[in-house]
Each structure stands twice: as C-alpha cells, then as structure tokens.
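Structure record follows, encoded as structure tokens.
The values are calculated or read from the model by the stated rules, or taken from the named source; none is laboratory data. These numbers were taken from a predicted model, which means no experiment stands behind them. In this analysis, Cβ positions are derived from the backbone assuming ideal geometry, glycine residues included, and neighbour counts consider all displayed protein chains.
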Amino acid sequence: MLQVRDGNDPLLKRPFSLFRTIAGGIQLLYRIQGKGTTLISQLAAGDVVSLLGPLGNAYPVQGAASAASVSPPVIIAGGVGIASVFPLIESIHEVMHQSTRDTMNGGATVIYGARTAEELLDLDELKALSKELHVCTDDGSSGEKGNVLDLLKSIVPAEAGVLPVMYACGPKPMLRAVAEYAGSLGAKTYLSMEEHMACGIGACLGCVVKTKSKGQDVDDSADIEKSTEWKYQRVCMEGPVFNAEDIVW
Amino acid sequence: MVDSVSVNLEVTIGNLKLKNPVMSASGTFGYGPEYAEFADLSRLGAIVVKGLSLEPKEGNPPPRIVETASGMLNAIGLQNIGISAFIKEKIPLLKYFNTPVIVNFFGDSIDEYAQAAERLDGVDGIHALEMNISCPNKQAGWAVFGTDPAITSKVVTAVRNKTRMPLIVKLSPNVTDIGLMARVAEDSGADALSLINTLTGMAIDVRTRRPKLSNVRGGLSGPAIRPVAIRMVYDVYKVVKIPLIGMGGIMNTDDALEFIMAGATAVAVGTANFVNPGTTIEIIDGLSSFMKKEQIKEICSLTGVAHTG
C-alpha cells in the first residue's frame with residue numbers, strides 16, 4: 001500500500017504489486033490513471049513516500065517447475081498486470097534453469113497484452129526470461145491484434161494433451177475469461193484479483209471477492225446445499241492470488 | 001518547567017474508567033488484533049470492535065468502498081462473524097491487552113437488539129456495549145431505527161432492560177434534530193452517546209453511468225465530515241448530561257482536541273486507521289504533549305471549553 005504524500009487528497013493508500021527487486025530497493029510499476037498516479041509521476045529522486053507491505057499472499061510456484069518439463073507454465077498478463085507476474089516469470093525462469101539446466105528454453109510461456117504498443121514494457125527483457133513470449137494489443141500496434149484470450153486459445157488449445165499450470169493478472173473481464181477457459185480445460189489456474197481497498201491489513205473488509213466456500217468443517221453428506229455455499233474473502237489477506245476455480249463471478 | 005507538568009489523560013464513560021480518551025471507531029479496527037502489529041493496543045483508551053449481530057452476516061457484494069474528496073464511502077453491509085464466534089475466538093486474544101473492550105452491536109428488529117444485548121451482557125472480557133442504531137428496521141419497512149425518536153426510545157429501552165453494562169448509543173447523523181435524538185437516547189437509559197456515525201452518501205461513475213457502490217448508497221467518513229460532526233457534538237453537549245464520544249474524520253491530535261473542546265469526553269479514530277494504522281497512538285502522545293505545553297493537568301477539563309466565554 002503506497003501513499004505518495006500526507007494529507008487528505010488522495011486520502012487512502014493504494015495497493016501496488018511488487019514489480020522488481022533491485023539493488024538497494026524495489027520497483028513498483030504504475031500507469032497514470034488518477035490523482036495518485038499523477039503525483040507519483042511528479043516525484044523526484046530522493047522524495048519520501050510511505051509504504052506499507054509486503055501484504056497478502058503470492059503465486060505458488062511449487063509444482064509448476066516440475067510439471068514444466070512436460071508443459072511449461074503459462075503466464076497471462078494484461079496491461080499493468082505484468083507488474084504482479086514479472087517476479088513470477090523471473091523465478092520460474094530461475095527454477096527451471098536450475099532443474100533442467102536448459103539455458104535456451106527454461107522459463108514460462110508468457111502471453112502479454114495491452115491496449116497499445118506504448119503501454120507494453122520492454123519486451124527484450126521479458127523475451128530473455130521466458131520460453132516463449134506472445135504479445136498482443138487491441139490496436140495491433142505491437143504483436144497480434146486481439147486479446148490475450150485469443151492467444152491463450154491458440155497456445156493452449158482445447159485438445160491440448162498435457163495441461164500447463166496457468167497464472168494470470170489483469171483487468172477483471174480478462175481474468176474472468178481466462179478462468180472460464182481454464183475451467184473448461186480443467187487446467188490449474190491462479191488469478192491475482194483486484195478490488196477497491198482501504199486498509200490493506202484485513203480490517204475494513206472493503207476488498208472482498210466472492211469465493212466458493214471450502215467447507216472444511218462442513219459435513220457434505222449432511223447437507224447438499226452446503227457444497228454450493230459461498231463466502232467473501234479479502235484480497236488483501238487471503239489473496240490477492242486465488243485459485244481460479246474458487247472464484248464466483 | 002514544562003516537562004515537570006504531569007498530565008492526567010483519564011476519562012470516565014458511565015462507570016468505565018479509561019486510561020486516556022482515545023479509542024478506535026467501530027468498523028475501522030477489525031476485532032482489534034488486526035492492528036496489534038501497528039499499534040500497541042494496551043495503550044488505547046478502549047478498543048471498539050466491528051459491529052456484531054446475533055448471527056454472522058456476509059455483507060454486501062463489491063465494490064464496497066470508494067474514495068471521495070477528503071473522505072470515503074463504504075457499504076460493507078455490516079459483515080461480521082456473529083456474537084458467538086466473537087466471544088469464542090476473539091475475546092481470548094483481546095484479553096492479552098490491558099485495554100477495555102467495547103462491543104458494537106446491531107440488529108434488524110427490536111427483539112434482535114434485545115437478544116444481542118442479553119447475549120453480550122456480563123461476558124468476561126467485554127467492558128461496555130455500543131449499540132449502532134443506524135441500521136434498517138425489518139418491522140418498519142427497513143426505515144433506519146435511529147432516525148425515528150419513538151423507535152429509538154423503544155430500542156434503547158429494550159436493550160437497557162437487558163444489560164447493566166455501560167451502554168453507549170451511537171447516534172445516526174442523518175436526522176433533522178440531533179439534539180432531540182440525543183435526549184431520547186439519554187431518557188431511554190443510555191450511559192453515553194457516540195456521534196457521529198457515517199453520513200449517507202453516494203457517488204456515480206460518469207463513464208459507466210452507474211453508482212460506484214454495488215449497494216448504491218454508502219456511509220461517508222473521513223475528514224470531509226468532520227465539521228458536521230463537530231457541530232453535532234457541540235449541539236448535543238448543550239442538551240444532555242451524559243458523556244459524549246466524538247468521532248468523524250479525526251486524523252490527528254488537533255482534530256481530537258476540536259471534538260473534546262466541542263463537548264466530547266472521549267474520541268474515536270476511524271478512517272484514519274486505514275491511512276495510518278498508528279494514528280491512535282500518535283494522538284495519545286499528541287494529547288499528552290499538548291497538555292504539557294499548555295499546562296493543562298486534566299484532559300477532562302478541556303471537555304466543552306468551546307462553550308464558555
């Protein structure tokens with residue numbers, strides 16, 4: 001949670017993904033969207049901001065790499081959603097290098113979409129970290145013209161023999177489309193969810209998403225209804241990463 | 001010398017003695033332990049926990065919050081784990097802190113309020129009750145309890161009959177005459193009043209042309225409402241004898257002092273906890289520094305000073 005300046009406008013901190021760890025610091029990625037991000041763009045080196053974090057969970061990578069020898073994980077990023085999956089792309093690259101000693105092809109299959117070429121990160125770095133990088137833009141100014149779901153369907157077709165583990169971060173309609181497609185395939189998929197957030201520490205209950213109830217202490221045989229029950233979970237505490245199959249859209 | 005002044009921050013609400021007048025506002029502090037990492041909970045005057053009902057409540061669908069000019073709208077929908085789970089799971093954790101626990105509660109009928117009060121009364125680890133009367137009444141077409149003097153009288157009386165604990169009534173500010181509602185609550189047996197709850201508001205996304213909150217309306221909080229809250233505390237102080245707990249956009253020590261000078265015996269910090277989870281502690285220290293600087297020995301001597309002269 002980042003607060004650019006003291007005062008009442010903007011009032012609340014805003015959630016950001018940890019984009020990159022660099023020597024002596026961290027990097028956050030933002031797109032100028034409102035007052036807060038405009039203020040960030042006006043910061044100079046040495047300015048002080050207030051940061052609360054890191055908060056919440058992370059993408060689970062265990063298993064992804066071992067399964068990767070048969071089918072590399074697929075990482076889907078929409079817009080600034082790339083910030084949250086970037087460290088994942090890096091760590092999968094690292095883990096697969098170590099486990100396969102394959103210096104050429106270690107890494108995930110990355111599908112990266114944005115509205116226009118201008119909103120894409122430097123692609124060379126991503127290319128070096130991924131097994132394959134597929135890019136698309138809404139206007140065709142870079143990569144394929146279209147959206148990440150179209151690319152996903154061609155890269156992981158419905159008739160795919162071995163299903164990859166998938167990870168996605170981006171706008172809600174994109175996540176929903178990915179979740180629905182992954183659900184039809186039966187592919188294990190993790191989504192990083194976003195909601196309006198006030199505190200970031202689990203108190204305000206503002207940032208909830210509707211999820212299927214795990215029903216740990218529910219006797220399924222006793223009540224069929226229970227298996228269809230749902231509950232709200234907090235993006236800041238139980239998330240932001242959820243199993244795609246657990247989200248109720 | 002200035003440093004030699006010893007200051008007394010103690011205040012009394014009903015028969016409940018607080019080591020200082022700074023508490024959390026219900027709904028902004030979770031059940032308490034959420035903030036243990038950021039604020040020394042044993043230093044707070046009291047912990048006011050998130051509103052509880054007899055049965056757990058799921059709350060509203062998202063979006064539940066939206067930031068507005070110097071404030072925020074929330075429509076959480078009173079999501080809570082229910083009184084029984086609170087007593088079983090949270091009270092044992094709260095007992096670690098040497099701080100009184102004030103339980104905020106609500107119901108959707110007078111009977112449910114009374115049952116909730118009965119369930120909470122005398123529970124070890126609970127020191128006072130704060131009833132939220134800004135919620136809708138099932139038996140009156142979902143009209144808000146706290147906007148009708150007759151209903152307010154009935155619901156407060158019903159709760160009063162079920163508990164001997166200090167009873168704080170949290171007033172709704174969405175009324176024409178806050179003084180009237182305050183007198184009604186006092187006459188019905190309240191030991192203290194909390195004011196103000198959030199002001200009903202709404203915001204629209206001009207691109208989608210739809211309300212920004214899924215619940216359409218929400219409660220406005222934050223510094224935007226502070227002048228309204230100060231005025232209401234000032235007005236109510238004139239017409240009741242019971243202590244007032246002032247709240248509404250308190251972000252720092254000066255804001256807290258404003259409420260105290262308007263007539264509050266204690267103050268509650270709400271939205272500021274979201275911005276800076278250490279705000280309560282900073283205000284406790286700030287009050288102490290202010291008193292030393294101004295050579296004030298008793299914080300209670302400042303209550304209502306804006307009325308004199």
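Within the stretch A:139-195, the residues that satisfy the criterion of being buried (at least 18 other Cβ atoms within 10 Å of the Cβ) and among the hydroxyl-bearing types (Ser, Thr, Tyr) are A:Ser142, A:Tyr167, A:Tyr181, A:Thr189, A:Tyr190, A:Ser192.
Within the stretch A:7-37, being touching a helix residue (DSSP H, G or I) at 6+ places or on another chain (Cβ under 9 Å), loosely packed, with under 13 Cβ neighbours inside 10 Å and more than 21 Å from A:Glu118 (Cα to Cα) holds for one residue alone: A:Thr21.
Among the residues of the stretch A:73-87, those that are in a helix (DSSP H, G or I) and within 27 Å of A:Asp139 (Cβ to Cβ) comprise A:Gly79, A:Val80, A:Gly81, A:Ile82, A:Ala83, A:Ser84, A:Val85, A:Phe86. Of the residues making up the stretch B:285-309, those that are within 25 Å of B:Pro33 (Cβ to Cβ) and surrounded by fewer than 23 Cβ atoms within 10 Å (Cβ to Cβ) are B:Asp285, B:Gly286.
Across the stretch B:274-293, the qualifying residues are those that are in contact with a Leu (Cβ under 9 Å, 6 or more places away or on another chain) and farther than 30 Å from A:Gly206 by Cβ, and the one among them that is farthest from the other protein chains (Cβ to nearest Cβ) is B:Met291.
Quick grid of which residues meet (1) closer than 21 Å to B:Asn197 by Cα; (2) free of Cβ contacts under 8 Å to residues at least 40 places away in the same chain; (3) of a type in the set (Ser, Thr, Tyr):
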| position | (1), (2), (3) |
| --- | --- |
| B:Ala75 | yes, no, no |
| B:Gln79 | yes, yes, no |
| B:Ser84 | no, yes, yes |
| B:Ile87 | no, yes, no |
| B:Pro92 | no, yes, no |
| B:Asn98 | no, no, no |
| B:Phe105 | yes, no, no |
| B:Gly125 | no, yes, no |
| B:Leu129 | yes, yes, no |
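Of everything listed in (1) aliphatic (A, V, I, L, M); (2) in contact with a Phe, Trp or Tyr (Cβ under 6 Å, 6 or more places away or on another chain); (3) within 12 Å of A:Pro72 (Cβ to Cβ), the single unmet condition for A:Val135 is (3). On the given criteria, is A:Asp9 under 22 Å from B:Thr279 (Cβ atoms) and acidic (Asp, Glu)? Answer is yes for this residue. Looking only at residues in the stretch A:1-40 that are farther than 16 Å from B:Gly71 by Cα and in contact with a Lys or Arg (Cβ under 6 Å, 6 or more places away or on another chain), which one is nearest to the other protein chains (Cβ to nearest Cβ)? Within the stretch A:1-40, the match that is nearest to the other protein chains (Cβ to nearest Cβ) is A:Met1. The set of residues in the stretch A:122-171 being over 23 Å from A:Phe242 (Cα atoms), hydroxyl-bearing (Ser, Thr, Tyr) and in a strand (DSSP E or B) consists of A:Thr137 alone.
Across the stretch B:277-302, what is the number of residues that are out of contact with any strand residue (DSSP E or B) (no Cβ under 8 Å at 6 or more places or on another chain) and either in a loop (DSSP other than H, G, I, E, B) or hydrophobic (A, V, I, L, M, F, W, C) (or both)? Total satisfying the criteria: 8.
One line per residue, one yes/no per condition, for (1) surrounded by fewer than 23 Cβ atoms within 10 Å (Cβ to Cβ); (2) not hydroxyl-bearing (Ser, Thr, Tyr):
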| residue | (1), (2) |
| --- | --- |
| B:Asn174 | yes, yes |
| B:Met181 | no, yes |
| B:Ile204 | yes, yes |
| B:Arg210 | yes, yes |
| B:Asn215 | yes, yes |
| B:Tyr234 | yes, no |
| B:Lys238 | yes, yes |
| B:Ile242 | yes, yes |
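Name the single residue that is nearest to B:Val11 (Cα to Cα) among those in the stretch B:182-215 being without any contact (Cβ under 8 Å) to a residue 24 or more places away in the chain and among the hydrophobic types (A, V, I, L, M, F, W, C). Across the stretch B:182-215, the extreme among qualifying residues is B:Ile204. Kindly check whether there is at least one residue in the stretch A:154-165 that is closer than 30 Å to B:Glu34 by Cα and either β-branched (Val, Ile, Thr) or at pLDDT 95 or above (or both). Within the stretch A:154-165 (the criterion being closer than 30 Å to B:Glu34 by Cα and either β-branched (Val, Ile, Thr) or at pLDDT 95 or above (or both)), the answer is no, since none of the residues qualifies. Remark: pairs (first residue in the stretch A:192-205, facing chain B (nearest Cβ under 7 Å); second residue assigned to a loop (DSSP other than H, G, I, E, B) and among the aromatic types (Phe, Trp, Tyr); Cβ separation under 9 Å; 6+ apart in sequence or on different chains) = A:Ile201/B:Phe38; A:Ala203/B:Phe29; A:Ala203/B:Tyr31. For the stretch B:220-229, the criterion of a residue being away from every other protein chain (no Cβ under 14 Å) and either touching a helix residue (DSSP H, G or I) at 6+ places or on another chain (Cβ under 8 Å) or over 29 Å from B:Ala117 (Cα atoms) (or both) is satisfied by at least one position. May I ask you to verify whether B:Leu94 is touching a His at 6+ places or on another chain (Cβ under 8 Å), over 16 Å from B:Gly270 (Cα atoms) and either among the basic types (Lys, Arg) or modelled with pLDDT of 95 or more (or both)? In short, no.
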